[in-house]
Each structure stands twice: as C-alpha cells, then as structure tokens.
Amino acid sequence: MSTTPWHVDPELAERYADGALGHVLTASVEQHLLACPDCRALLTPHVDPGRLDAVWSEVLEKVEQPVKPLLERVLGRAGMAESTARLVAATPSLRGAWVAGMTLVLALALLAAYSDPRGVAIYLALTPLLPMAGVALAYGPASDPAFEVAAATPYSQLRLLALRTAFVLTTTVVPATVAGLLLPGSAMLAVAWLVPGLAMTVGTVALSTRFAPPVAAAGLGVFWLAVSVRALAPSRDPLLTVSSPVLLVSTLALAAAAAVLVVRRRECR
C-alpha cells in the first residue's frame with residue numbers, strides 16, 4: 001500500500017474552480033484544502049478575487065451581526081427606533097423564564113380557586129402582585145444584565161422604566177385576564193383585580209423615582225398582602241380585595257401615582 005501523500009495538481013485545481021468535479025471528488029478536494037496550504041496556494045490563481053471578497057464580506061456580516069431577539073425585531077418593524085427597541089427587548093421580565101413562572105403561579109392560583117371554597121381569595125390576592133413584580137425586575141443592577149448599558153443611554157430611568165412597564169403589563173394582564181375568566185363565580189372577577197393591580201404597578205413606577213424598583217414593589221406588596229390575607233379568614237368575605245371600598249382606594253391611589261409620574265416627567269425634561 002502506497003504512503004505517498006496526495007495533493008491537488010494544477011489540472012484538478014482548475015477543474016475544481018470551474019465546478020467541473022463530481023460531488024465525491026469535490027468533497028475530497030475541499031477536505032484536503034483545509035489542511036494543505038500549498039494546495040490552497042495552487043488554487044488561488046483560479047478564483048476570482050472579487051468573488052472571494054464578496055463571500056468573505058457575507059461571512060463576516062453573519063458572524064459579527066448578532067441575531068436580534070424576536071421582540072426587538074417586532075418592535076423595529078412596528079416603527080420603534082432601533083435603540084429603543086433594543087432596550088425594551090432586554091427587559092428581564094419579558095423573557096421566557098419570567099413568563100413561565102408567571103404562568104405557573106396563575107395555574108396554581110386557579111387550581112386553588114377550584115379546590116377550596118376560599119381559593120378565589122388566593123387568586124385575587126396573588127394576581128395583582130404579578131405585574132408589580134414584573135416591573136420590579138424590569139430595571140436595576142440586580143436584575144437587568146444590560147443595566148450599565150441602559151444607564152449610559154440618553155434615556156432617563158423614569159422613561160425607560162415606563163416603556164418597559166407598558167410591555168410587562170401586556171404580558172401579564174392578558175394571561176391573567178384569560179385565567180380569570182375560568183374562575184368560578186362572576187365573570188367580573190376576571191377584570192376586577194386590574195384596579196388594585198394597576199394601582200400597585202403604577203405606584204411602583206412612581207416610587208421608583210425615589211427608591212429602587214424592588215424596594216418600592218416590596219413595600220407595596222407587603223401592604224397588599226396585609227389587606228388581602230384578611231379575605232382568607234372564615235368570617236371574612238373572600239371577595240374582600242375586589243369590594244367597593246378596596247376598589248375606591250385603589251382608584252384614588254392609581255390617580256395619585258399617575259399624577260406623581262406626570263410631575264416627575266416634567267421635572268426630567
């Protein structure tokens with residue numbers, strides 16, 4: 001058996017460059033060219049330099065240009081500026097892990113609503129906390145891997161948090177409302193939680209002008225749980241958290257938080 005190394009000769013190199021070889025022989029030549037610089041040099045005169053430059057440019061473009069997340073591509077096509085779309089798409093609470101966790105919480109709360117006579121109170125206590133928790137994770141050094149990049153942009157913290165909050169609300173309110181339609185009892189329960197939920201969400205954004213978003217959300221969350229836990233007592237109404245007094249206070253709190261944001265927005269200009 002011969003051990004003489006095989007190389008590409010000038011005729012074979014020319015035929016390869018012209019695409020005149022069969023699939024098997026082409027594959028053999030290409031495999032050899034990867035490891036033999038002499039044979040690659042032999043092939044160089046037969047290849048159009050312009051074609052090489054075009055191929056190399058295309059390779060560089062695909063390697064160096066990262067694949068944009070789906071949300072960023074959708075926002076870009078909708079007309080949002082590329083820089084803004086990138087900052088919104090980087091929101092931690094818009095990622096799969098957060099959405100999956102939120103869905104699990106909703107499923108467990110819905111299960112509790114059917115398995116226990118007072119389970120509806122558990123659902124109504126937990127659901128308003130979800131959008132607020134999403135906002136708490138939307139911006140900050142502890143949760144946002146792109147925090148330093150976002151902080152270096154010309155956007156104010158309030159504007160960026162407001163933008164991200166809008167999208168977090170969309171991903172939270174829609175599934176929570178759909179799940180609420182499955183609750184036993186009145187269909188109004190599917191949307192009744194929205195008033196306290198929006199109040200705490202907007203309140204978190206307003207308080208974030210003075211405190212870190214997780215701190216603001218934690219304070220409001222503790223207050224809400226102190227109110228809603230009373231609905232679990234046997235002597236209490238399980239729909240306490242959507243009663244008229246609670247909804248009235250929530251509406252006033254929502255209006256106050258919105259007013260704070262309007263004032264703070266003017267100050268940031």
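The values are calculated or read from the model by the stated rules, or taken from the named source; none is laboratory data. For clarity, every value in this text was computed on a predicted model and none was experimentally measured. Note that we place each Cβ from the backbone using ideal geometry, even for glycine, and neighbour counts take in every protein chain shown.
Just give me the residues in region 37-90 being part of a helix (DSSP H, G or I), hydrophobic (A, V, I, L, M, F, W, C), out of contact with any Pro (no Cβ under 7 Å at 6 or more places or on another chain) and at pLDDT 70 or above, in sequence order. Within region 37-90, Cys39, Ala41, Leu43, Val74, Leu75, Ala85, Leu87, Val88 meet the criteria. Scanning region 91-118 for residues that are aliphatic (A, V, I, L, M) and either touching a strand residue (DSSP E or B) at 6+ places or on another chain (Cβ under 8 Å) or modelled with pLDDT under 80 (or both) yields Leu94, Ala97, Val99. With the requirement that a residue be farther than 27 Å from Ser208 by Cβ and either loosely packed, with under 15 Cβ neighbours inside 10 Å or basic (Lys, Arg) (or both), what does region 156-189 give you? If the condition is that a residue be farther than 27 Å from Ser208 by Cβ and either loosely packed, with under 15 Cβ neighbours inside 10 Å or basic (Lys, Arg) (or both), then Val178, Leu181, Leu182, Pro184, Gly185, Ser186, Ala187, Met188 are the ones that fit. Taken as a whole, region 254-267 holds no residue that is under 28 Å from the mean Cα position of the chain (by Cα), within 29 Å of Leu160 (Cβ to Cβ), loosely packed, with under 14 Cβ neighbours inside 10 Å and charged (D, E, K, R).
Screening Thr201, Thr209, Thr172 for residues that are among the hydroxyl-bearing types (Ser, Thr, Tyr), farther than 16 Å from Pro131 by Cβ and touching a residue at least 12 places away in the same chain (Cβ under 8 Å) leaves exactly one candidate, Thr209.
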